[in-house]
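The values are calculated or read from the model by the stated rules, or taken from the named source; none is laboratory data. In this text, all values refer to a predicted model and were calculated from it rather than measured experimentally. Heads up, the Cβs are rebuilt from the backbone with ideal geometry, glycines too, and the neighbour counts pull from every protein chain shown. Quick note on the areas: whole protein, heavy atoms, side chains included, nothing else; ligands and nucleic acids left out. Shrake-Rupley method; radii C 1.70, N 1.55, O 1.52, S 1.80 Å.
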Amino acid sequence: MMKTTTFTERVYALTRTIPKGNVATYAQLAKGAGSPGAARAVGGILRTNPNIPSTPCHRVVASNGALTGYSAGHGISTKKTMLLAEGVVFNGNNVDLKISGWKF
């Protein structure tokens, strides 16, 4: 019998596959986890990420590339610093999704 994973487990699993230097959107993860339209739920799940080192929730952004919700360090500024260190390209304060958006 195949084990069924929960939406939360699927979100964490997908988040772990986002490569360094790329970002995914909350909407992409919702769709990839089988619940299109559940972008806010993805945000709620990542807010309680129990394993930040191996589940890089800082690589998840809004659909327009805006940085939203990050509870570690100094919040959004920490998220931006981490993304810049990984080579993510910004256009102003938003991630340039044409360059750094992950296609999965």
Reviewing [x] 14.4; [y] 13.6; [z] 15.8, the figure for Kirkwood radius over Cα pairs in Å actually calculated from this model sits under [y]
For residue 86, placing the label point 7 angstrom along Cα-to-beta-carbon and taking segment 5-30, residues whose amide nitrogen sits under 17 Å are 11-30
Segment 21-76: spread of alpha-carbon positions along the three principal axes, whole Å, largest first, is 30, 24, 20
For the chain, the percent of accessible surface on carbon and sulfur atoms (probe 1.4 angstrom, ligands and nucleic acids excluded) is 58
So the number of lysine pairs in segment 1-103 with alpha-carbon atoms under 25 angstrom apart, 8 or more residues apart or on different chains, is 14
